[in-house]
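Q: Below you'll find the structure I mean.
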Amino acid sequence: MEEAEAVPSTSGASEQPGAEETPGRLLIFNTVVDKFLEGLVEAGSYQRFARCYKKFYRLQPELTRGIYDQFVAQLHSSIKAEIQVIKEEGNLEALLDSLDKMENNAASTADIQWRPSGVPEEDLRAHLVPYLRQQREYLRKLVKEREQENAKLAQSVLAGRRKIEEMQQEILRRQQAWQKLSKSQKELIWSIQNEKV
């Protein structure tokens, strides 16, 4: 076809060589835009253009062809520019890339999509049991942590009690030593007083 030669190729494959097996949304969008432009050029073929301007075409067919080629190229570039403006204003490239990433992340997760079975009791059980198990594991972990903390506190309390007992024994020993000393002092004083008399 002559029309296809007049317009430069705009396929997404020529712009992005070595595309992945599963194309991203941006590549699909660009491909759709390119196909739309190709369809637009085919719909407005040179023959239809020439039929609209028959008298001008009969007088100067080469000039008609030049005008057509320039019109198609200008139409093609203006549509591409408008689409680029829309992509930039809407941040379309970043949004499509983020959608691709979200899709890839969702595909990599092991979670299976939940579907209702039709029996409400089973659906409720299927929904609640994993949550309750998770809560039970959390509570078990919490209890274990508290038990370990309580064991440490009990050990520190026992160590404190042992220290208090040791201090009480030391006080008692010193009290007894003090009483013996006091008794010896009194006996000494008594014996000195008796000797003087």
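The values are calculated or read from the model by the stated rules, or taken from the named source; none is laboratory data. In this text the structure is predicted, and so the values were computed from the model without any measurement. Side chains included, ligands, DNA and RNA excluded: accessible areas come from the protein's heavy atoms. Shrake-Rupley method; radii C 1.70, N 1.55, O 1.52, S 1.80 Å.
Q: Measure off, as a whole percent, the carbon and sulfur share of the 1.4 Å-probe accessible area of region 135-185, all protein chains present.
A: Working: 2800 of 5110 Å².
Ligands and nucleic acids excluded, carbon and sulfur give 55 percent.
Q: How long is the gain from K54 to Y138 if the chain were fully straight, where each residue apart is worth 0.36 nm and the alpha carbon distance is subtracted?
A: Details: separation 84, 0.36 × 84 = 30.24 nm, distance 8.35 nm.
Using 0.36 nm per residue and subtracting the Cα-Cα distance, I get 21.9 nm.
Q: So for the chain, averaging the separation of alpha carbon pairs under 8 Å that are six or more residues apart and normalising by length, what relative contact order in percent results? Spell out each step's value before the answer.
A: Numbers: 44 pairs, mean separation 37.5, N = 197.
That works out to 19 percent.
Q: Rounded if a/c is under 1.5, else prolate if a/b is larger than b/c, else oblate: which is region 79-159, with a ≥ b ≥ c the root eigenvalues of its Cα gyration tensor?
A: Details: a/c = 5.77, a/b = 2.01, b/c = 2.87.
In terms of gyration-tensor shape, oblate.
Q: State in Å² the accessible area per residue of the chain; use a 1.4 Å probe, count heavy atoms of protein chains only, and round to the nearest integer.
A: Working: 16960 Å² over 197 residues.
Result: 86 Å² of accessible area for each residue.
Q: Grab the chain and count how many Lys pairs have their alpha-carbon atoms under 25 Å apart, sequence gap of 8 or more, or different chains.
A: Qualifying lysine pairs in the chain: 9.
Q: May I ask you to rank V32, V72 by accessible area, largest first, using a 1.4 Å probe over the protein chains only? Display every interim value, and only then the final one.
A: Details: V32 90, V72 10 Å².
The ordering from most to least exposed comes out as V32, V72.
Q: While we're looking at this one, here's another question. Could you pull the accessible area for S182 with a 1.4 Å probe, rounded to 10 Å²?
A: S182 exposes around 40 Å² with every protein chain in place.
Q: Ordering V33, V157, V129 by how much accessible area each has at a 1.4 Å probe, largest first, what is the list? If you can, show how the numbers build up before the last one.
A: Values: V33 15, V157 75, V129 45 Å².
Result of the area sort, largest leading: V157, V129, V33.
Q: Pop out the carbon and sulfur fraction of the accessible area of region 64-129 as a percent, whole number, probe 1.4 Å.
A: Carbon and sulfur atoms account for 59 percent of the accessible area of region 64-129.
Q: Tell me the accessible surface of R51 in square angstrom (1.4 angstrom probe, heavy atoms of protein chains only), to the nearest ten.
A: Near enough 150 Å² of accessible area.
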